[in-house]
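These notes concern the structure reproduced below.
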Amino acid sequence: MRDLKGKTAFITGGASGIGLAMAHAFGAAGMNVMLADIEAEALAAAVKGLEERQIRADSVLCDVSLRSAVEAAAARTIEAFGKVHVVCNNAGVGGGGAIGEVKASDWDWVIEVNLMGVIYGTEAFLPLIRSHGEGGYFINTASMAGMVSPPGMEPYNATKFAVVALSEGWNAQLAPENIGVGVLCPGFVRTQIDKSARNRPDRFGGAGEVELGVASALVQGGIPPENVGQRVLEAIQNDELYIFTHPNMRVAVEARFARIMEGFDKAEASPALAGIESPFPEIVDAGVN
Ligand SMILES: NC(=O)c1ccc[n+]([C@@H]2O[C@H](COP(=O)([O-])OP(=O)(O)OC[C@H]3O[C@@H](n4cnc5c(N)ncnc54)[C@H](O)[C@@H]3O)[C@@H](O)[C@H]2O)c1
């Protein structure tokens, strides 16, 4: 999607970190931005910061773990800007812990925000993008934790793998309609993700602490979010599916794939499967994407 000037972006988790950096990058490229977030004060400050740079911005308070709230935010976006073209399903929270020790309410919280939030955002906004026929783009924020699974971060990793899967399938489904789907997979970025529980809704246990499964120092030693915002802008303009920000992490993905291929080698050599023809070769040959 090349022509972004005058178009509108909706960004969840827009009051901080990567979401706010995307808003600035998009705004500098001439887009209007609608920020959605669960944190009211940060949201107001974020809009002020954008307006100070002459970016047309508005905001809506929204908990992405509630389908009705995301639908209301979509309606507010149309009220404010008439149309919407780019939707960033970006709000996310960290959560992890030793196996068997993750609280049930933390599992629910991480899954509802990181996974269901992306689903609600896509389902609420797709009809709105389809209706104007000018094309559009969904950016779903996953993580490098959607490509490899560091131990101790399983709730987070599971949601991010799921966001990669959704994005791959939706990318193929929507390509004929001139609607792109990209999945953002950053490594460490210097944001407030290590303080995720500041915004945990009461029904998931309320604000407080959460076991992240990763040291805060790694997050705070990450790259600046501004570079990530710029990278996403490039990716929208170049119609990219996989959006990486840490090219040196390629080795981690290669190592995972090598282990997966070893599994196929074992299956090929397996006496248990000897003489078995795999069914539906034409489907397998066509691949899934
Ligand atoms: N920072 C990193 O190292 C890193 C790496 C990979 C992926 N990510 C992903 O990037 C995305 C953005 O996180 P960030 O790093 O900018 O963190 P951040 O904490 O700075 O920003 C996240 C924003 O999401 C908002 N939010 C939290 N729960 C919400 C809810 N229920 N509804 C609406 N908004 C909610 C927060 O208020 C905050 O403004 C997340 O999906 C995260 O998983 C971050």
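Laid out as a table, the results:
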{"read-out": "Among the candidates Gly121, Gly82, residue that is within 13 Å of the ligand (Cβ to nearest atom) and at pLDDT 95 or above", "value": "Gly121"}
{"read-out": "From Ala175, Ala207, Ala197, residue being more than 9 Å from the ligand (Cβ to nearest atom), farther than 18 Å from Tyr242 by Cα and open to solvent by 10 Å² or more (accessible area, probe 1.4 Å)", "value": "Ala207"}
{"read-out": "Val181 modelled with pLDDT of 95 or more, among the hydrophobic types (A, V, I, L, M, F, W, C) and under 25 Å from Ile223 (Cβ atoms)", "value": "yes"}
{"read-out": "Flag for Phe138 being touching a Phe, Trp or Tyr at 6+ places or on another chain (Cβ under 9 Å), assigned to a helix (DSSP H, G or I) and crowded, with 21+ Cβ neighbours inside 10 Å", "value": "no"}
{"read-out": "Residue that is most open to solvent (accessible area, probe 1.4 Å) [pool: residues in the range 181-194 that are near the ligand (Cβ under 10 Å from one of its atoms) and aliphatic (A, V, I, L, M)]", "value": "Ile193"}
{"read-out": "Residue within the range 28-45 that is under 22 Å from Asn238 (Cβ atoms), assigned to a helix (DSSP H, G or I), more than 14 Å from the ligand (Cβ to nearest atom) and modelled with pLDDT of 95 or more present", "value": "yes"}
{"read-out": "Unique residue being at pLDDT below 95 and touching a Lys or Arg at 6+ places or on another chain (Cβ under 8 Å) when the list is Val284, Val219, Val288, Val214", "value": "Val219"}
{"read-out": "One residue from Gly133, Gly97 being surrounded by fewer than 19 Cβ atoms within 10 Å (Cβ to Cβ) and under 27 Å from Ala74 (Cβ atoms)", "value": "Gly133"}
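The values are calculated or read from the model by the stated rules, or taken from the named source; none is laboratory data. All values derive from a computational prediction rather than experimental measurement. When we count neighbours, we look across all protein chains shown, and the Cβ atoms used for this are built from the backbone with ideal geometry, even at glycine. Just so you know, the surface numbers come from the protein's heavy atoms only, side chains and all, with ligands and any DNA or RNA stripped out. Shrake-Rupley method; radii C 1.70, N 1.55, O 1.52, S 1.80 Å.
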